[in-house]
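Notes follow the structure.
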Amino acid sequence: MSSVLLERNAERIDSPAREIALLTISAPAAGFTRFLAAPAGLFGRDGDALLWAPPAGDADAWTFAGRGVAGRVVSSGPDRVSQIRAGAMRLLASIRSAPGETDPPLRLFGGFSFRDGEADPGAWSAFGEASFVLPRFLYAERAGRAWLRAAIPLDEPDALALAIPVLYRLRAFLAAQAAPSHAATITSTEELARPEWDRRVARALDAMRGPLDKVVLARRTRVVLSGTPDIAALAAGLPAGGATRFALSRGNVLFAGATPERLVSLHGGRLRCDALGGSLPRGAESESDAEAASLRSSAKDGREHASVVEGIRGALAPLASSLATEGPGVRTLATVHHLHTEVTGVARGGVDVLALVDALHPTPAVCGTPRAAAREWIAANEGAPRGWYAGPVGWMDASGEGSFCVALRCALLQGSEAWLYAGAGLVEGSDAAAEWRETSAKQAPMLRALGGTP
């Protein structure tokens, strides 16, 4: 059964979206970390927060941070993407901006779980299968300029009168000297037992004698922290190089990461995807060139990468009037090298970013091939639901444009507990010990962000 609802704060309503007014002022370009460190009391009872920070040099150079919720769209079931589209368009159509106001652009932020129709227990239940929010208070920054914006539901008594002083207090807070944020340290770590990992890899390789060509096996690590880290401290620790930093909170549950993989972006009718497949842990700086050459020459990694590129092109072909690829090359991050191919093209008329997301997800890079068989194997063998790990996270606007990444190099936090996720693409010839080292390297940046020293 599918459902889509517009939410008012924590209360779900089926009625059409209310009118929402926007009020925007200029602000000091103090950075998203400073905005996220603002006292929670400024924002009332809404505890939700968000961060979207693309890497330097990205064509869409806007960085956003938000607090509170002025509007939300949620959905579930096999039709969740189309239902989110309908609800999002209703919500965006209800928003009234000042004549001529274009900056910052108006966007909804959110994402989708890896799998629909799967009951995610525990902390993941706060996120559901799909949800997007219009932040009540937004910080936006681009090219050294910054803005603060309030989204004000017009049917809330005194909403405008309450929002105006908050905006000016926020501006004063951004201009003031920053105080240290509350960081935590890791006190204990609970790993998946190594023999169990080896058994799961062996089962996957056995399955490749039958219906599977590739499957991506996720590894989850639980850590206990010395306290509850605030979102500002965690965001400050997310690695920036070549990655999109993201964070989404639902009440007291936070999902955050720094992902290297763009699922798809759509701007001016042009689409762009990153195909990542085939990885190698990165060693010392002096060894980097040799490691990259080794990855390029690896037949096993080459096969894995080719399946990702082929899968992306096949999914996009019905929706694009032209497609081109550039690669493979090697993308080097702090702890991992990846084979990388950029796929670009022109979307057919009427195709929006959510149609592209729906066609692409899950790619062979996070699921496997054939897709249906790989998804069934993952559900039967991983041992725990993925939640939003490896799902699409990003933004959309009223014109149907947007940008989505694959939620990788990430963690789910609730109180003093965190669950870290990483995946390994398994093909014929994969080695359990090597894939364990690779997933350890992929988890290392988030461990550091949480205060650990892997």
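No lab work stands behind these numbers, since they all come straight from the coordinates. These numbers come from a predicted model, not from an experiment. Reconstructed Cβ throughout: ideal geometry from the backbone, glycine too, with neighbour counts over all protein chains shown.
Using a Förster radius of 56 Å, what is the FRET efficiency between residue 272 and residue 162 based on their Cβ-Cβ separation? Nearest 0.05, please.
Details: r = 41 Å, r/R0 = 0.73.
After rounding to 0.05, the efficiency reads 0.85.
Using unit Cβ charges (K, R positive; D, E negative) and no other charged atoms, how large, in debye to the nearest 20, is the dipole of region 33-136 about its Cα centre?
That gives a dipole near 340 debye.
Would you kindly state how much longer the chain becomes between residue 344 and residue 101 on full extension, computed as 0.36 nm times their sequence separation minus their alpha carbon distance, in nm to one decimal?
On the way: separation 243, 0.36 × 243 = 87.48 nm, distance 3.08 nm.
Extra length available between residue 344 and residue 101 comes to 84.4 nm.
How far is the Cα center of region 141-213 from the Cα center of region 45-77, in Å?
The distance from the Cα centre of region 141-213 to that of region 45-77 comes to 9 Å.
Looking only at trypsin sites (Lys or Arg not before Pro) in DSSP loops with at most 12 other Cβ atoms within 10 Å, what is the longest site-free stretch of the chain? Write out the running numbers ahead of the final one.
Values: sites that count: 45, 209.
Looking at the chain, 210-454 is the longest stretch - no exposed trypsin sites (Lys or Arg not before Pro) with at most 12 other Cβ atoms within 10 Å.
Within region 214-233, list the residues whose amide N lies under 20 Å from a label point set 7 Å along Cα→Cβ of residue 118.
214-223
What is the order of 360, 447, 276, fewest Cβ neighbours within 10 Å to most?
Values: 360 22, 447 19, 276 26.
Neighbour counts put them in this order, fewest first: 447, 360, 276.
Around residue 160, with a cut-off of 13 angstrom between Cβ atoms, what is the net charge of the other residues, counting Lys and Arg +1 and Asp and Glu -1? Walk me through the numbers on the way to the answer.
Values: positive: 96, 136; negative: 19, 155, 156, 158.
Once positives and negatives cancel, what remains is -2.
If you average the C-alpha positions of region 396-454 and of region 230-272 separately, how far apart do those two centres end up, in angstrom?
12 Å
Efficiency by 1/(1 + (r/R0)^6): what FRET value for residue 379 and residue 176, r their Cβ-Cβ distance, R0 = 56 Å, to the nearest 0.05? Mind dumping the intermediate values first?
Working: r = 50 Å, r/R0 = 0.89.
The pair residue 379/residue 176 has a calculated efficiency of 0.65.
Work out how much length residue 298 to residue 61 would gain on full extension: take 0.36 nm times their residue separation and subtract the Cα-Cα distance, in nm to one decimal. It would help to have the intermediate numbers written out before the result.
Working: separation 237, 0.36 × 237 = 85.32 nm, distance 3.48 nm.
Once the chain is fully extended between residue 298 and residue 61, it gains 81.8 nm.
Could you list 366, 201, 406 in order of exposure, starting from the residue whose Cβ has the fewest other Cβ atoms within 10 Å? Don't jump to the answer; show the numbers that get you there.
Values: 366 26, 201 21, 406 31.
Ascending Cβ contact count within 10 Å gives the list 201, 366, 406.
Below 10 angstrom from the Cβ of residue 327, what's the summed charge of the other residues (Lys, Arg +1; Asp, Glu -1)? Numbers along the way, then the final one.
Numbers: positive: 331; negative: 274, 326, 342.
Charge balance in the 10 Å sphere: -2.
Which value, in debye to the nearest 20, gives the size of the charge dipole of region 186-449 about its Cα centre, when Lys and Arg are +1 and Asp and Glu are -1 at the Cβ? List each step's numbers first, then the result.
Working: 28 positive and 29 negative charges, 54 e Å.
The dipole of region 186-449 has a size of about 260 debye.
Using helices alone, what [θ] at 222 nm do you get for the chain, with -39,500 (n - 2.57) per DSSP H run of 4 or more residues, divided over all residues and rounded to the nearest 500? The partial results should precede the final answer.
Numbers: 10 runs with 122 residues, N = 454.
Per the formula, -8500 deg cm²/dmol.
If you put +1 on each Lys and Arg Cβ and -1 on each Asp and Glu Cβ, how big is the dipole of the chain around its Cα centre, in Debye rounded to 20?
Details: 47 positive and 48 negative charges, 85 e Å.
For the chain, the charge dipole is close to 400 debye.
Please name which of 334, 151, 355 has its Cα lying farthest along the dipole of the chain towards the positive end, using unit charges on Cβ (Lys, Arg +1; Asp, Glu -1) and the Cα centre as origin.
So the residue furthest toward the plus end is 151.
Report the one residue of 225, 449, 384 whose Cα lies farthest in the direction of the positive end of the charge dipole of region 186-449 (charges on C-beta: Lys and Arg +1, Asp and Glu -1; origin at the Cα centre).
The residue sitting most towards the positive pole is 384.
Quick check: residue separation of residue 325 and residue 433 times 0.36 nm, minus the Cα distance between them. What number comes out in nm? Walk me through the numbers before you get to the answer.
Values: separation 108, 0.36 × 108 = 38.88 nm, distance 3.24 nm.
Additional length available on full extension: 35.6 nm.
Under a point spin-label approximation (7 Å from Cα along Cα-to-Cβ), what is the residue 371-residue 206 distance to one decimal in nm?
2.8 nm
May I ask which residue of 242, 366, 97 lies farthest towards the positive end of the charge dipole of the chain, with charges of +1 (Lys, Arg) and -1 (Asp, Glu) on Cβ and the Cα centre as origin?
Selected residue: 97.
Once the Cβ-Cβ distance between residue 417 and residue 82 is put in as r, and R0 is 41 Å, what FRET efficiency do you end up with, to the nearest 0.05? Please list the in-between numbers first.
Numbers: r = 35 Å, r/R0 = 0.85.
Efficiency, from the Cβ-Cβ distance: 0.70.
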